[in-house]
Each structure stands twice: as C-alpha cells, then as structure tokens.
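Just below is one structure, and these are the notes that go with it.
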Amino acid sequence: MKGLDYTLLVIGIIGAINWGLIGFFRFDLVSFLFGDMTLLTRIIYAVVGIAGLYMISYFGRIGNEDEA
C-alpha cells in the first residue's frame, strides 16, 4: 500500500507543478510534451485527477495515525 501511496503522491505533485506553471506562466507542460488534448494528454490528466481523488484518503489516515 505504501508503494501505491508514494506513486500517487508523486503523480499529484507533478500535476500540481503543471498547474503552477499554467497559473504563473500560462505554460501547460503536459500539452507541450504530448500535444494539445491528444489521447495521451487526456489519459495523463485523468491519471493525475484520479491520484488527487485518492489522496483525499490521506486525511482519514493522518487522523488515525495521530490517535495511535
């Protein structure tokens, strides 16, 4: 489970960096590397979104660790 956690955390961080680039510089790194809304670009965005949704579960696990 820890391997999945770390993998999805890294994907989430990469997604956050991409959003930072978009916000500060209007530069979308994913579209630059893989094309504007190609199938691969959309898959990458979907994986980052799923990673973000999975990271919501960290809140519950952080609370459980504090009680132990």
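The values are calculated or read from the model by the stated rules, or taken from the named source; none is laboratory data. Not measured: the values here are computed from a predicted model. Positions of Cβ are backbone-derived with ideal geometry, glycine not excepted, and every protein chain shown enters the neighbour counts. Ligands, DNA and RNA are stripped out before the accessible areas are found, and what is left, the full protein with its side chains, is counted by its heavy atoms. Shrake-Rupley method; radii C 1.70, N 1.55, O 1.52, S 1.80 Å.
Kindly provide the set of residues from segment 7-44 that are open to solvent by 80 Å² or more (accessible area, probe 1.4 Å) and among the charged types (D, E, K, R), ordered by number.
Arg26, Asp36, Arg42
Please go through segment 13-68 and pick out each residue that is under 21 Å from Lys2 (Cβ atoms), of a type in the set (Gly, Ala, Ser) and without any contact (Cβ under 8 Å) to a residue 24 or more places away in the chain.
Initially, segment 13-68 is screened for residues under 21 Å from Lys2 (Cβ atoms), giving 13-16, 47-48, 50-68.
With the extra rule that they be of a type in the set (Gly, Ala, Ser), the set shrinks to 15-16, 51-52, 57, 60, 63, 68.
Residues satisfying the conditions are Ala16, Ser57, Gly60, Gly63, Ala68.
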